[in-house]
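Accompanying notes for the structure given below.
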Amino acid sequence: MKIGDCMKRNVVSITETASVREAAAIFVKEHIGLLPIVDQNNKLVGVVGLRDLLSLELPDFVNFVADVDFVHDFGAVETTRPSADVLDKSIKTLMKPAITVHEDSGLLRAYALMLQHNLHDMPVVSEDGKLVGVASRVDIGTTILSAWSEVE
Amino acid sequence: MLLSAILSILIFIISLVLIFSEKMNRSIAGIAGAVFMVGVGKILGFYSEEAALEAIDFNTLGLLLGMMILVAMLEPTGFFQYIAVWAARASGGKPVLLFVLLGSITTVLSMFLDNVTTVVLIAPVTILICEILGISPLPYLMAEALLSDTGGVATLVGDPPNVLIGSAAGFSFNDFLIYALPIVAVAWVATLVLLRFLFRDELSKRPHNAEAVMSLNPAESLDDPKTARRVLIILGAAILLFFVHHILHISPSFIASSAAAVALLWVQPDIQETFKKVEWSVLIFFSALFVMVGGLEAAGVLEAIVGLLEGLSRIPPIWFGVSLIWIVAGLSAVVDNVPITIALIPVIQGLGEAGMDITPLWWALAFGAGFGGNGTIIGSTANIIVATLSEKTRTPITSSLWNRRGLPVMLATCAIASVLYIVLYKTY
C-alpha cells in the first residue's frame, strides 16, 4: 500500500493571496483541520492549520504556565475576537512550512512523520511539488489496520 | 610592566565589548577572555593559575549557588503561581489593587530570591490573569520588572551586585537592612506612585470580567504542597540565620550552601532536573570576570586607575559618592551591572588603601548598580524577560515605551537615593 491509495484526492486549498478571514471561512465550510496553500500552478507553498488560526484567539500565554487546570473560567479570553486588521492580513502571516510526503511513500513512513511532527493531516505532493491530496491520521491508520484481517 | 598593563587592558576591553554587544553569549566571551588573561599573564610573568584562582570570590559563588539550588527546588512546586493566583483573588479584579499586590509580592520575593527567577515565574501568571480580566498586562509586567530590580537592592542576597559588594566590603546582612532597606522602601513607594500615574489610563479601565478571577483555584495551582512547605521552611530558616550570621561568625555563603544541602537531603528531588534549573552559565560568567579583573589588578592597571582617581580626592567625598551613583547607574542602564561592579570593587578597595573613607562609596555603588538597570529595556535581565514575554501578548513592550515609563522610574529612584545618600551620609 502506498499513501496515494488512501489519501483524499479532492483537496480544498487556498492561494497565497487570500486573507486570514477567507481561510477561516473555508475551514468552517469544509470542516477541516488543515488547509494547504498553493501558488497559481497548484504547487504547494505551505500549510495553515486550524490551530494556527485559533492561536489568534487563544494566544501563546497559555503555554507559559505549566498547566491551566486551576483556571476554571477563562473570562475575557472566551469572548475576545481577533481585530479586523488581523483578519484582513494575508494568510501568509500564519503560513507554516509543510511536512509532506510523495504519493509513492509507504504508509508507516508517513505515519512515523506524523507522530514525530505531531500532525493530524499531511499534504501529499507529486514529483514536481504539486499538491495531489491530503492524508489524515485516520486515513492512514485505518488503512494499516485493514491489512490485519488478512493475518491468518 | 607597561606591556603587561596594555595587553591586560586590551583583553579586558575586547571581552567587555563582546559581552556588551551581545554578539556572543557572555559566558563564552568571559571564558575566552579569562583564559587569554591567564595565558598572557603567564608569558609576561604578571599572572598565574594560582593567582587567578585566588581572584575568584568563592563567597559570592557559594551564596549564589546555594540560593539557586533552593529556588530550583521551589520552582516546580507551583508556589510562585500560587502566590500570583492568591493576589488575583485578593484584588477581586480591581486593577489598581492587583497592581499594588503583584508589585509588592515581586518586591518582597526579589529581596530574598534572584530577580530574574522571580520575574520568570510571576510574569507568565500575570499575563494569564490579565487576559482573563481582558485588560492590558503592560503596567503589571513593567511594574514587576522595575520593582524586582528595586527590591533586590534592599538585601545582601537580593541582587548579584549586592552579593559582590557585601562580600568585598564585609557588610553583614543587617548592614543592608540598616543602610539600604530604608532607601529602597522610599524608592519602592515612589516607583509604585509614579507607575500608577504613568499608567493611569490603563489602570483606570474597569474589567468587565472581574468575577472571572474568583474562578482561579489557588489550591490547584500549587502542584506539590509538601515540597513547597519543606523548601519554604528551610528558606525561612536561612533568612533567620542571615540576620545573625555576623554574630555567629558564619559567612552568608555557608548558610546558603547549608540550606541547599539540608533541602536536598529533606526533599531528595530528581537531582538532574534540579541542577538543570541552576544557572551554571551565570556562575561561570562571574568566575571568568573575577579572573579577568584579577589579571588587571596583577598587571598594576587598577593601581594606576586608583592613582588617577586620587587626584579627585579634592572633590568633597559626599559629591564623589553622588557622582558614583549616577555614573554607575548610567552605565548599568545600558550594560550589565555585574561586570561594572566586579571591575569597580578593586578600584574602591584601592582608594581605601590610599586612605579614603570608602564605606559610603560601597553604598553608592550598590544604589547605582541596582537602580540604574531600570533605565532601559535592556538594562537588566528582568527587563529583557518581561519584554520578551510581552511580545506574545497583544500589547508588546517596546523600547520607546520603556523610555517613557521605565526611564522616569530610574531617574526618580536615583534622585531619591542621591538625596537620602546626602542626608544619611554622616551615618555611613
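Some points to look at:
- Test: residue in the range B:48-56 that is surrounded by 20 or more Cβ atoms within 10 Å (Cβ to Cβ), closer than 24 Å to B:Ile305 by Cα and in contact (Cβ under 8 Å) with a residue 12 or more places away in the chain: yes
- Unique match (being of a type outside the set (Phe, Trp, Tyr), touching a residue at least 60 places away in the same chain (Cβ under 8 Å), part of a helix (DSSP H, G or I) and more than 14 Å from every other protein chain (Cβ to nearest Cβ)) among B:Ile385, B:Ile422: B:Ile422
- Of all residues in the range A:66-75, those satisfying the criterion of being buried (at least 18 other Cβ atoms within 10 Å of the Cβ) and either more than 7 Å from chain B (Cβ to nearest Cβ) or not in a loop (DSSP other than H, G, I, E, B) (or both) are A:Val71, A:Gly75.
Every residue, every condition in (1) among the charged types (D, E, K, R); (2) closer than 30 Å to B:Val213 by Cα, yes or no:
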| site | (1), (2) |
| --- | --- |
| B:Leu2 | no, no |
| B:Ile6 | no, no |
| B:Leu18 | no, no |
| B:Glu22 | yes, no |
| B:Ser27 | no, no |
| B:Ser48 | no, no |
| B:Ala52 | no, no |
| B:Ile56 | no, no |
| B:Pro76 | no, yes |
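- Residue satisfying condition, being closer than 28 Å to B:Met111 by Cβ and without any contact (Cβ under 8 Å) to a residue 60 or more places away in the chain, within set B:Thr341, B:Thr398, B:Thr376, B:Thr413: B:Thr376
- Residue within the range B:341-352 that is closer than 28 Å to B:Leu121 by Cβ and not small (Gly, Ala, Ser) present: yes
- With respect to the conditions (1) among the basic types (Lys, Arg); (2) more than 14 Å from chain B (Cβ to nearest Cβ); (3) assigned to a loop (DSSP other than H, G, I, E, B), A:Arg81 lacks only one, and its number is (2).
- Neighbours by Cβ (under 7 Å, 6+ apart or cross-chain): first from the range B:317-336, closer than 17 Å to B:Thr381 by Cβ; second among the β-branched types (Val, Ile, Thr): B:Leu331/B:Ile340; B:Ser332/B:Ile340; B:Ala333/B:Thr376; B:Val334/B:Thr376; B:Asp336/B:Ile19
- Of the criteria (1) within 14 Å of chain A (Cβ to nearest Cβ); (2) of a type outside the set (A, V, I, L, M, F, W, C); (3) assigned to a helix (DSSP H, G or I), which one B:Gly166 fails: (1)
- Taken over the range A:41-65, the criterion of being more than 7 Å from every other protein chain (Cβ to nearest Cβ) and either farther than 23 Å from A:Ile26 by Cβ or without any contact (Cβ under 8 Å) to a residue 40 or more places away in the chain (or both) is satisfied by A:Leu50, A:Arg51, A:Leu54, A:Ser55, A:Leu56, A:Glu57, A:Leu58, A:Val62, A:Asn63.
- Residues considered: B:Ile178, B:Ile165. Of these, the only one that is β-branched (Val, Ile, Thr), under 25 Å from B:Ile247 (Cα atoms) and surrounded by 24 or more Cβ atoms within 10 Å (Cβ to Cβ) is B:Ile165.
- Scanning the range B:224-274 for residues being in contact with a helix residue (DSSP H, G or I) (Cβ under 8 Å, 6 or more places away or on another chain), free of Cβ contacts under 8 Å to residues at least 24 places away in the same chain and more than 29 Å from B:Ala168 (Cα to Cα) gives a total of 1.
- Of all residues in the range B:221-250, those being outside any helix (DSSP H, G or I) and buried (at least 16 other Cβ atoms within 10 Å of the Cβ) number 3.
- Taking (1) within 30 Å of B:Phe46 (Cβ to Cβ); (2) free of Cβ contacts under 8 Å to residues at least 12 places away in the same chain; (3) of a type outside the set (A, V, I, L, M) in turn, B:Glu297 satisfies each apart from (2).
- Looking across the range B:203-220, the residues that are more than 9 Å from chain A (Cβ to nearest Cβ) and surrounded by fewer than 17 Cβ atoms within 10 Å (Cβ to Cβ) come down to B:Ser204, B:Lys205, B:Arg206.
- Residue identified as among the small types (Gly, Ala, Ser), more than 22 Å from the chain's Cα centre (by Cα) and within 22 Å of B:Gln268 (Cα to Cα) among B:Gly41, B:Gly78: B:Gly78
- Single match in B:Gly368, B:Gly373, B:Gly350 (criterion: surrounded by 17 or more Cβ atoms within 10 Å (Cβ to Cβ) and either within 14 Å of another protein chain (Cβ to nearest Cβ) or within 15 Å of B:Asn115 (Cβ to Cβ) (or both)): B:Gly373
- When residues of the range B:321-345 are limited to those that are over 20 Å from B:Gly166 (Cα atoms) and at pLDDT below 90, the one surrounded by the fewest Cβ atoms within 10 Å (Cβ to Cβ): B:Val334
- Helices (runs of 4 or more DSSP H) contained entirely in the range B:68-153, each with at least 1 residues that are in contact with a His (Cβ under 6 Å, 6 or more places away or on another chain) and within 14 Å of chain A (Cβ to nearest Cβ): none
- Among the residues of the range B:254-278, those that are assigned to a helix (DSSP H, G or I) and polar (S, T, N, Q) comprise B:Ser257, B:Ser258, B:Gln272, B:Thr274.
- Candidate set: the range A:16-45, residues that are acidic (Asp, Glu) and assigned to a loop (DSSP other than H, G, I, E, B); chosen: the one farthest from A:Lys89 (Cα to Cα): A:Asp39
The values are calculated or read from the model by the stated rules, or taken from the named source; none is laboratory data. Since we're looking at a predicted model, the values are computed, not measured. So basically every Cβ, Gly included, is an ideal-geometry build from the backbone, and we count neighbours across all protein chains shown.
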